[in-house]
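Every read-out reported here was derived from the displayed coordinates using simple, explicitly stated rules and does not represent laboratory data. Quantities reported herein were computed from a predicted structural model and do not represent experimental measurements. For neighbour counting, all protein chains shown are included, and Cβ atoms are generated from backbone atoms with ideal geometry for every residue, glycine included.
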Amino acid sequence: MKSFLDQKVLRYNTAEFILTDPVQFPRRYTRKQDIEIVSFLVSHISWGKRTMILRDAERMLAKFGQSPYEYVMNDGYKNLGSDNIHRTFFEHDLKYFLGGFKNILSKHDTVEDFLKAENAKSAWDVASLLLSEMLSANNGLTNKYCLPTSPENSAIKRINMALRWLVRDDGIVDIGIWKIFTPAELFIPLDVHVANVSRDLGLLTRKSNDRKAVEELTCKLRQFCPHDPVKYDFALFGTGIGNDK
């Protein structure tokens, strides 16, 4: 199994992969805050048909001009209306999301600095802390289209995807600008396809796609590569119908 997965990683963890993957969007920026904001936003809409994800991410980022960070800090998001961004995610949801980043970046230089100050230890800490800032920025109102209202039991696939981009640093696809976590501490971004493939391969027994499933699968992948288990996201993505993820 390890040999099979390693071969898949070599096939998909390549520079060519970037051209058809949402990771291309944060890679366009050099300023750390821009990369952070775009990583979380684009990973957030990375569900459904890939051509639609790429199209909608392009349109979303066009709203921000040259710098998403400057757009946030200058309150550009407050003028957003109700146009659709991606499937069930609309401009008013984006406004809610960006309000949380304004809260964070008004107090800390970067999102990573904020997480360090709050002593984040896991992806679920990241999700909970981001949720707290969004609630604070939006008068305590919840928004299920931005983050799970109870992330502690969720698979938090989109957070784990953003963390993969921000933390993994093999110099090929992922960006690797954060040092708050090591690649060994990451968890697999578990979507329906990755979960089904993992069950077919005997890597996952849990039937629900929740936190316990993420932990079970990641634990198994750590047996194959303790220092970088999430590299196998490329392998699981590339198996079966991966390109429709």
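Counting other Cβ atoms within 10 Å as a rough exposure proxy, the listed residues Phe234, Phe17 run Phe17, Phe234 from fewest neighbours to most.
Residues Cys225, Cys219 in ascending order of nearby Cβ atoms (within 10 Å, fewest first): Cys219, Cys225. Result for the chain in a Gaussian network model with C-alpha springs under 10 Å: among Lys144, Lys157, Lys212, the largest mean-square fluctuation is at Lys144. Helical content of the chain, expressed as a calculated mean residue ellipticity at 222 nm, amounts to -15500 deg cm²/dmol (DSSP H runs of 4 or more residues, -39,500 (n - 2.57) each, divided by residue number, nearest 500). Each residue of segment 203-210 was assigned a 3J(HN,Hα) from its phi angle through the Karplus curve 6.51 cos²θ - 1.76 cosθ + 1.60 (θ = phi - 60°); the sequence is 8, 9, 9, 5, 7, 7, 8, 10 Hz, with glycine and proline shown as x.
A simple spin-label model places pseudo-atoms 7 Å from Cα toward Cβ; at Thr205 and Glu152 they are separated by 2.6 nm.
Please arrange Ser136, Ser3, Ser198 by how many other C-beta atoms lie within 10 Å of their C-beta, fewest to most.
Ser3, Ser136, Ser198
The 3J(HN,Hα) values that the Karplus relation (6.51, -1.76, 1.60; θ = phi - 60°) gives for segment 99-109 are, in residue order, x, x, 5, 4, 4, 5, 7, 7, 10, 9, 5 Hz. Gly and Pro appear as x. The three principal axes of the Cα atoms in the chain give end-to-end lengths of 51, 34, 31 Å, sorted in falling order. Annotation: amide H-H contacts under 5 Å for Ala155 (H modelled 1.01 Å from N, sequence separation of 5 or more, or interchain): Arg211. Taking segment 105-164 as the region of interest, the number of lysine pairs whose Cα atoms are within less than 21 Å, with members eight or more places apart or on different chains, is 4.
Report the full-extension gain for the segment Ala62 to Ser106: residue separation times 0.36 nm, less the Cα-Cα distance, to one decimal in nm.
Once the chain is fully extended between Ala62 and Ser106, it gains 13.5 nm.
The modelled label-to-label distance between Ala117 and Asp169, using points 7 Å beyond Cα along the C-beta direction, is 2.3 nm.
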